[in-house]
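The values are calculated or read from the model by the stated rules, or taken from the named source; none is laboratory data. The shown structure was predicted, so the numbers you read here are calculated from the model rather than taken from an experiment. For neighbour counting, all protein chains shown are included, and Cβ atoms are generated from backbone atoms with ideal geometry for every residue, glycine included. What goes into the accessible areas is simple: the full protein's heavy atoms, side chains included, and nothing from ligands, DNA or RNA. Shrake-Rupley method; radii C 1.70, N 1.55, O 1.52, S 1.80 Å.
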Amino acid sequence: MTGTVSVQEEASASHVQRRTVLLQQLRQHLQRYDFGEKLPQNNVLARALDVSVPSLSAAMAELGTAGEVVYRGRVGRGHSYRLRPGEQHPDDAAFEKATRKAIQDGNYRPGTPLPLGVLALRHNLDSAQIPRACRGLIAERLIAFRQDERLGPGYYVLPPRERPSGQKTEMEERTGDLP
């Protein structure tokens, strides 16, 4: 039984190593294309990198989740293209706008976690895409990822004193509430 576990661990490590190498090769290959330029279809990229189309598709999806590309895996869903560093993924815009407004309106109170499952469903995001979608809100210091002793890890609304220039939500201004 011990030999089987070792073989499984070795196979898993080998898979991770191959995926890491493919991601590096793909990133290097994609540098040939300008930011915003339409990328070739998956079968063309797969041939150029000498990998299978499913492996290439998985790597492109991973880069999409990381916010490096806009990946439209299926034909008819638009084209895939590279994002500039720090550029917002277009699939995240509605999430960010709605969440910012809800925080500013006081719907999400300081110190409380965002209901990420609900927000992801509402904005058609996968749970793996949430960190990417939260980047702008984190940069604005409206939220931060924290480990709460009682509620666990998550993205929590920051108190106004931790926000730029101590900005308060509309609810806090009306009621004078502070956390």
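For segment 145-179, residues that are open to solvent by less than 20 Å² (accessible area, probe 1.4 Å) and either at pLDDT 85 or above or farther than 18 Å from ASN107 by Cα (or both) total 6.
Scanning segment 41-61 for residues that are of a type in the set (S, T, N, Q), over 13 Å from LEU30 (Cα atoms) and not in a helix (DSSP H, G or I) yields a total of 1.
For segment 79-98, taking the residues that are in contact with a strand residue (DSSP E or B) (Cβ under 8 Å, 6 or more places away or on another chain) and of a type outside the set (Phe, Trp, Tyr), the one that is most open to solvent (accessible area, probe 1.4 Å) is identified as HIS79.
Scanning segment 47-61 for residues that are closer than 13 Å to SER80 by Cβ and not polar (S, T, N, Q) yields LEU56, ALA59, MET60, ALA61.
How do the helices (runs of 4 or more DSSP H) wholly within segment 62-162 filter down when requiring 1 or more residues that are under 22 Å from GLY36 (Cα atoms): which remain? Correct list: 93-104, 130-139.
If the condition is being on the phi > 0 side of the Ramachandran plot and either of a type in the set (Gly, Ala, Ser) or touching a residue at least 12 places away in the same chain (Cβ under 8 Å) (or both), then segment 42-95 contributes GLY67, GLY76, GLY78, GLY86. Kindly establish whether LEU63 is out of contact with any Gly (no Cβ under 6 Å at 6 or more places or on another chain), crowded, with 16+ Cβ neighbours inside 10 Å and over 24 Å from CYS134 (Cα atoms). So LEU63 does not fit the description; no. Which residue is most open to solvent (accessible area, probe 1.4 Å), if the candidates are limited to segment 114-143 and must be over 15 Å from the mean Cα position of the chain (by Cα) and over 17 Å from ARG161 (Cα atoms)? Once the filter is applied, the top-ranked residue is ARG122.
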